Amino acid sequence: MLTVITNAIILTLDDRQQTFEAGFILIEDDRICAVEEGRPEAETLERANQVINAAHMLAMPGMVNAHTHLFQTFIRGLGDDLPLEEWLERYIWPVAASMTVDEAMLAAKLGFIENIRSGATAVTDNQYIHNTPEMDDVFCQAAEELGVRFLMARGWTDRNYHPAFLETLDQIMARLSALSSRWNQHPTGRIRVQPGPLSQTVVTAESVRRASMLAKEWGVGLHMHVSETRRETESCLRETGLRPVEWLDNLGCLNAQTQLVHAVWLSDYEIDLIAASGAKVIHCPVSNMYLASGAARIPEMRQRGIPVALATDGPGSNNNQDMLETLKTTALLHKVTSMDARVFLPEDVLWMACRCGAEAFGQPERIGSLEVGKKADIVLVDLDTPFAVPVHRPVSALVYNLNGCSVDTVIVDGKILMKDKKILALDEQALLEECRVAAIHLLERTNRNL
Ligand SMILES: [Zn+2]
């Protein structure tokens, strides 16, 4: 199967950050087999099974949304304008505890479509609601149906949490192993499962230590919220005498496999530890601003060589999953906190979303750039819009002018998931209607359960 994309402005995000003003991309099955300036040979075009004319479009690698909670699509907008702890207790917990498997499936599909529409081809979901044992699998099944690249950071809590979500250590380990044996052998490698303990205040040290060993065995990462709020950081210090990153290091769980989500309240010493360990940081600027959690020291981390990926966080605290909006917000947040307009350029935030995202996703050799041999995970963004014309500098237009509404075509593993802004795997309008109705029923049931 040969697909050709022609006439595109191409941002390769390769090591040399090459861009082509009018180039073409050849896709053979699931892989990129050429990325070049100019037009392909006539013989190649004749041989192609499909040709996509990308005139006035920008071609870029699919972004990695490195941390979300897909089930929260049904909760967004309910708990606006609250700090994290109150937002959790008053809104997220009661609704999530009432959610059925069918509702979770709808919420997951809706969430994946939002990601596709904003140019994210790979999604990491920190899935921590287990009202029934099948709950985890529906997220993987939804990813399979929609065609996105998916990493489920299977979450848990085994202390200090809402009773509906608590699990025992034995349950956690057994369920993680069962999920891994079902999904980590997926023939395409497109869907994987890794451990995702929720945060230090609500999990036991033993569960994190054992999960970290499993992650090593399975060749996947360990994904965890760390130092999201000052309150959480102070609580860890009071309880253990250590700050959260020190605590992880002390457990032997801070290494190149570790994905630290948020990392807002870090000491200088914790930044040293992260830099020395090779751990990845996942930055969720919109969520940190929305919940008034604080501003992470991302420019310093980048200067220290720490890979920082970007993410929306769950749509309950964002309230969308628009990765293009996240690019702009990242640049703006750090300009204002550093009072330095050049602290992050558009190229920097795009690099974080694609290349650092691929590292955090555990597949830097497969995704994150448009290069020969890599997976064909490609996004075409429409520049022919009054929001961007005239486009003097495509990467600037992408980051500062546009949002998810401008994403036109999305390809994963060489397969087209969205074309001309239309999702191909399912009837999107019908899904939206189903979600509207299901969310009303869910809220009614939640109110009865309160
Ligand atoms: Zn989160």
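The values are calculated or read from the model by the stated rules, or taken from the named source; none is laboratory data. Predicted model, so just to flag it, every value in this text is computed and none were measured. Counting neighbours? That spans all protein chains shown, and the Cβs are built from the backbone with ideal geometry, glycine included. All accessible areas refer to the heavy atoms of the entire protein, side chains included, with ligands and DNA or RNA removed. Shrake-Rupley method; radii C 1.70, N 1.55, O 1.52, S 1.80 Å.
So which residues in the range 117-135 are open to solvent by less than 10 Å² (accessible area, probe 1.4 Å) and over 15 Å from D313 (Cα atoms), if there are any at all?
G119, T121, I129, M135, listed by residue number.
Pairs needed: first member in the range 227-239, farther than 16 Å from P197 by Cβ; second member anywhere, within 13 Å of the ligand (Cβ to nearest atom) and at pLDDT below 95; C-beta distance under 6 Å; at least 6 residues apart or different chains.
Once the first residue is farther than 16 Å from P197 by Cβ and sits in the range 227-239, its partners that are within 13 Å of the ligand (Cβ to nearest atom) and at pLDDT below 95 give T229/L84.
Please work out which residue is nearest to the chain's Cα centre (by Cα), limiting yourself to the range 229-248 and to residues that are surrounded by fewer than 18 Cβ atoms within 10 Å (Cβ to Cβ) and within 14 Å of N160 (Cβ to Cβ). Quick ask: steps written out before the conclusion?
Residues of the range 229-248 surrounded by fewer than 18 Cβ atoms within 10 Å (Cβ to Cβ): 230-231, 234-235, 237-242.
If we keep only those that are within 14 Å of N160 (Cβ to Cβ) as well, we get 231, 235, 238-240.
Values: R231: 25, S235: 27, R238: 32, E239: 31, T240: 30 Å.
It comes out as R231.
Out of the range 379-390, which residues are more than 11 Å from D408 (Cα to Cα) and either within 19 Å of the chain's Cα centre (by Cα) or aliphatic (A, V, I, L, M) (or both)?
A388, V389
Test V148 against the stated conditions and say whether it is modelled with pLDDT of 95 or more and either open to solvent by 20 Å² or more (accessible area, probe 1.4 Å) or under 16 Å from the mean Cα position of the chain (by Cα) (or both).
yes
Under the condition of being assigned to a loop (DSSP other than H, G, I, E, B), within 16 Å of the ligand (Cβ to nearest atom) and buried (at least 24 other Cβ atoms within 10 Å of the Cβ), which residue from the range 48-92 is nearest to the chain's Cα centre (by Cα)?
Ranking the qualifying residues of the range 48-92, first place goes to H69.
Return the residues of the range 7-18 that are surrounded by fewer than 20 Cβ atoms within 10 Å (Cβ to Cβ) and at negative phi; say none if nothing qualifies.
Listed by number, the residues that qualify are D14, D15, R16, Q18.
Of the residues in the range 93-116, how many are open to solvent by less than 10 Å² (accessible area, probe 1.4 Å), closer than 15 Å to A143 by Cα and among the aliphatic types (A, V, I, L, M)?
The number of residues fulfilling the criteria is 5.
Taking the conditions exactly as written (of a type outside the set (F, W, Y) and either surrounded by fewer than 21 Cβ atoms within 10 Å (Cβ to Cβ) or free of Cβ contacts under 8 Å to residues at least 24 places away in the same chain (or both)), does I440 satisfy them or not?
Spelling it out, I440 is indeed of a type outside the set (F, W, Y) and either surrounded by fewer than 21 Cβ atoms within 10 Å (Cβ to Cβ) or free of Cβ contacts under 8 Å to residues at least 24 places away in the same chain (or both).
With the condition being more than 27 Å from V410 (Cβ to Cβ), away from the ligand (no atom under 16 Å from the Cβ) and touching a residue at least 12 places away in the same chain (Cβ under 8 Å), I'd like the helices (runs of 4 or more DSSP H) fully within the range 282-367 carrying at least 2 qualifying residues.
298-303, 323-338
Any chance the range 274-295 includes a residue that's charged (D, E, K, R), more than 26 Å from G368 (Cα to Cα), open to solvent by 20 Å² or more (accessible area, probe 1.4 Å) and in the same structural domain as S338 (by TED's automatic domain parsing)? Lay out the reasoning, then the answer.
Taking the range 274-295 and keeping what is charged (D, E, K, R), we get 280.
Going one step further and asking which of them are more than 26 Å from G368 (Cα to Cα), we end up with none.
For the range 274-295, residues charged (D, E, K, R), more than 26 Å from G368 (Cα to Cα), open to solvent by 20 Å² or more (accessible area, probe 1.4 Å) and in the same structural domain as S338 (by TED's automatic domain parsing): absent.
Determine which single condition L380 fails, assuming it passes every other condition in (1) of a type outside the set (D, E); (2) part of a strand (DSSP E or B); (3) modelled with pLDDT under 95.
Result: L380 passes all but (3).
Report yes if R445 is more than 23 Å from D313 (Cβ to Cβ) and assigned to a helix (DSSP H, G or I), otherwise no.
Numbers: more than 23 Å from D313 (Cβ to Cβ): yes; assigned to a helix (DSSP H, G or I): yes.
Yes.
For the range 357-382, how many residues meet the condition of being open to solvent by 40 Å² or more (accessible area, probe 1.4 Å) and acidic (D, E)?
Counting residues in the range 357-382 that are open to solvent by 40 Å² or more (accessible area, probe 1.4 Å) and acidic (D, E) gives 3.
State whether one or more residues within the range 383-404 are more than 30 Å from L332 (Cβ to Cβ) and either aliphatic (A, V, I, L, M) or open to solvent by 10 Å² or more (accessible area, probe 1.4 Å) (or both).
No, the conditions are met nowhere in the range 383-404.
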